[in-house]
Structure formats: C-alpha cells, structure tokens
Amino acid sequence: MTADTIARLKITLDDVEPLVLRRIEVPFNIRLDRLHEVLQAAMGWTNSHLYEIRAGGAGWGLTDPDWPDGPLDARKARLDDIVEDTGAKTLRYLYDFGDGWEHIIKIERLVDPVPGERYPRLLEASGRCPPEDVGGPPGYAETLEAINDPRHERHDECKEWMPENFDPVIVNVEAIADELAALAKHWSRKPARQSKSN
C-alpha cells in the first residue's frame, strides 16, 4: 500500500427493496468525515441527519460534549487506519438515528490510482435512494405499497409528498457521478499560496 492507494467500496442499503447499491472508489486514506460526505452523495441522501461509521466495535461520527458515550470524532480517523487497527473489511454506516438507515460498506479491493483520475468516483449505481424522513425501511416499504395501490388508505397522502413520478428502480447515475466529481475537485484543490512579505 502507498499513500495513493485507492479502495473500491461496495455500499448496500439494508432491508430495502428494490436493492440500493453503489460501487465507488475513494482514497484508502480518506478521513471518515469525508467518507460520510461521499456516502451521502453516492446514495442520494440530503445530509440532514446524524451518522455513525462503525468498525470493530467502535463508532465515528459527530462528537457532542453532552453525549460522552457517543461516537469518536470522524475528522480524526482515516479509513486505512481503522481497517489496520480493527482488521475489518466490512464497515457499517448508520444514517439518521430516527429512521435508522443501515448501510453495509464492503472493501472489495485495494488498487492503484488511474493516472489523471480524481477520487472519489462512481463505478456503479442501482436502485434509487429512499426519500428522507419516510420512516426507515418499514415506512419506505409501506409508502411504496401505498403509492402503487390506488385503493390503499394512504395512497393519496403518500402520492402528495413523494417526489413526482418516483420510481425506486431508476437512479440518476449522471447526477451521482457529478456530485462525486465535485467533491473530488474540491478536495484536490491546492491551498492558495501566501505572498511573502518583506
């Protein structure tokens, strides 16, 4: 492994049908707070809830002095370090503690970077991300049932607040790739040079 090593990740959203899956590549030494941003962009979440990345019995996320048993600081941990420290090849990513969206992150392989490529980057996407605040996997399943059955007691209500023409199978791959490319571009910027003063 070198400082340039790239991790190929397979991310799946637990307990959701149809399957929501993403394959992405990220720098293996990515900080966990940045990995969270990548996961948000790749999945299609809105980054409006708390999160935790878990491996080997430990968790990382946003720290809170009022929550002493909460997660460790994700800004101070890197993917390569936690894999080395815990031996984990699979991590868990919990987004929105109320709805409880659980993701499995599997490190499929470590590869050399492609010359001239910026990371993170999208390799594959299938399944549309559920809408936020729909009630987790059970609420999402009920909502899909309701919008697909005009006789369902919640059909009109669910159709009203779901995105228009919501199709759980169709994913906007181009939009996800663009979001990840924007992160890659932002993170690869060189800091501005300070002018020397006499």
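The values are calculated or read from the model by the stated rules, or taken from the named source; none is laboratory data. Since the structure is predicted, the reported quantities are computational estimates derived from the model, not experimental observations. Cβ placement follows ideal geometry from the backbone for every residue including glycine, while neighbour counts extend to all protein chains displayed.
What residue, among those in segment 145-182 that are part of a loop (DSSP other than H, G, I, E, B) and among the acidic types (Asp, Glu), is farthest from residue 118 (Cα to Cα)? Spell out how you get there, then give the answer.
Kept after step one, since they are part of a loop (DSSP other than H, G, I, E, B), are these residues of segment 145-182: 149-154, 162-172.
From the residues that got through so far, the ones that are among the acidic types (Asp, Glu) too are 149, 153, 164, 167.
Numbers: 149: 44, 153: 48, 164: 34, 167: 31 Å.
Only one residue fits best here, namely 153.
Kindly check whether there is at least one residue in segment 143-155 that is surrounded by fewer than 15 Cβ atoms within 10 Å (Cβ to Cβ), hydrophobic (A, V, I, L, M, F, W, C) and either more than 25 Å from residue 30 (Cβ to Cβ) or modelled with pLDDT under 95 (or both). Scanning segment 143-155, I find no residue that is surrounded by fewer than 15 Cβ atoms within 10 Å (Cβ to Cβ), hydrophobic (A, V, I, L, M, F, W, C) and either more than 25 Å from residue 30 (Cβ to Cβ) or modelled with pLDDT under 95 (or both), so the answer is no.
Looking at the structure I just gave you, is residue 161 of a type in the set (Phe, Trp, Tyr) and either surrounded by 13 or more Cβ atoms within 10 Å (Cβ to Cβ) or assigned by TED's automatic domain parsing to the domain that holds residue 54 (or both)? The answer is no for residue 161.
Taking the criterion of being under 18 Å from the mean Cα position of the chain (by Cα), among the basic types (Lys, Arg) and under 30 Å from residue 138 (Cα atoms), would at least one residue in segment 62-77 satisfy it? No, there is no match, as no residue in segment 62-77 is under 18 Å from the mean Cα position of the chain (by Cα), among the basic types (Lys, Arg) and under 30 Å from residue 138 (Cα atoms). All of (1) loosely packed, with under 10 Cβ neighbours inside 10 Å; (2) among the polar types (S, T, N, Q); (3) at pLDDT 95 or above hold for residue 194 with one exception: (3).
Which members of segment 8-19 meet the condition of being of a type in the set (A, V, I, L, M, F, W, C) and either within 14 Å of residue 180 (Cβ to Cβ) or touching a Lys or Arg at 6+ places or on another chain (Cβ under 7 Å) (or both)? The answer is 9, 11.
Inside segment 1-109, counting only strands (runs of 3 or more DSSP E) that do not spill past its ends, which hold 3 or more residues that are in contact with a Leu (Cβ under 9 Å, 6 or more places away or on another chain) and either closer than 29 Å to residue 171 by Cα or free of Cβ contacts under 8 Å to residues at least 12 places away in the same chain (or both)?
On the way: elements: 6-13, 21-27, 51-55, 58-61, 90-95.
Those strands (runs of 3 or more DSSP E) span 6-13, 21-27, 51-55, 90-95.
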